[in-house]
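Derivation of every value follows stated rules applied to the coordinates shown; laboratory data play no part. This is a predicted model, so every value here is computed, not measured. As a convention, Cβ positions derive from the backbone with ideal geometry for all residues, glycine included, and neighbour counts pool all protein chains shown.
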Amino acid sequence: MQNILKPWLDAGGGKKILLLRHGEIRTETDEKRFIGQLDLPLTDAGRRQAQYWHRFLAGVPLTAVVCSDLSRCLETARIVTADRTAGITALADLREIHLGQWDGLTFRQVRMRWPDAFQRRGQAVARFRPPAGESFADLRRRVVPAFERAVDQSGKVLLIVAHAGVNRVILCHILGIPLERLFGIGQEYGAMNLIDRQAGGYRIQSLNLLPQPYGNQCADDNP
C-alpha cells in the first residue's frame, strides 16, 4: 500500500480525501448485532488498527481532519493524528445510522421481537426505518451534505473518520450506486478509501484498504 499513497498524493491538482472507518469496537458478545449510534469504545485491536494508520500516514500533510462525534471515531482520529498540529472537527451529522429500538440488539433478538419488520428490512433496505430510527435514505440526506461541506472547506488533503454505514452512503453517492446495493461495498474495521475530487467530479483511487496484517479483503458487515 505504501506504493499507492505517494504517487496518488503527488498526482494532479484537486483535493485528496482519505475516508477511514473507525477501528474495531467492543461489544458484549461476538454474536452479530445492530450497532448504530450506541457509543461503544475501541478494542485494543481497534487501537492497533488506528496506530497502523498513524504510522502509515506519517509525513502526509493533512490539512483538515473531520470525524463523527461518537467516541469510536474520535478516538480513532486522535490516534491517527497524534503529534499533528491540525485539529479535529467532530460532526454529529457524520454519526452512524440511527437504529432506534434496534440499536445494540442482536440479529436474533430483532428477528424474534419484530419478525415482520426484520423481513421488510431485507426487502427494502434503503427505505426501511426501524422503530424510532432512520432509513439509509435518511442517512444519505444527513451525511452527503456534511461530506460535501467538509470537502469544500478543507485544504488539499482531508482525512474523514466515520462509520461503515456512513462511508458506504458516501461511496454510493460518488459511484452512482443505488443504496439498495450498499452492502456490496466492503468496509471492515479500519478500512481506508482514497478519493480524488477534481474539477470534473470525484474518482475513487482505492477502496477498502485494510491495516496490515489484516489484509485487503473483508467480509460484509451490517451497521
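With respect to the conditions (1) surrounded by fewer than 18 Cβ atoms within 10 Å (Cβ to Cβ); (2) assigned to a helix (DSSP H, G or I), residue 82 falls short on a single one, namely (2). With respect to the conditions (1) touching a helix residue (DSSP H, G or I) at 6+ places or on another chain (Cβ under 9 Å); (2) surrounded by fewer than 21 Cβ atoms within 10 Å (Cβ to Cβ); (3) under 29 Å from residue 132 (Cβ atoms); (4) not aliphatic (A, V, I, L, M), residue 29 lacks only one, and its number is (1).
When we screen 144, 66 for residues that are of a type in the set (A, V, I, L, M, F, W, C), within 20 Å of the chain's Cα centre (by Cα) and not in a helix (DSSP H, G or I), the only hit is 66. Just one of the listed residues (182, 171) is of a type outside the set (D, E, K, R) and either in contact with a helix residue (DSSP H, G or I) (Cβ under 7 Å, 6 or more places away or on another chain) or part of a strand (DSSP E or B) (or both), namely 182.
Of the residues making up region 141-176, just one is more than 18 Å from residue 64 (Cβ to Cβ), surrounded by fewer than 16 Cβ atoms within 10 Å (Cβ to Cβ) and touching a strand residue (DSSP E or B) at 6+ places or on another chain (Cβ under 9 Å), namely 175.
Does region 40-61 include one or more residues that are closer than 28 Å to residue 130 by Cα and out of contact with any Asp or Glu (no Cβ under 9 Å at 6 or more places or on another chain)? Looking through region 40-61, at least one residue is closer than 28 Å to residue 130 by Cα and out of contact with any Asp or Glu (no Cβ under 9 Å at 6 or more places or on another chain).
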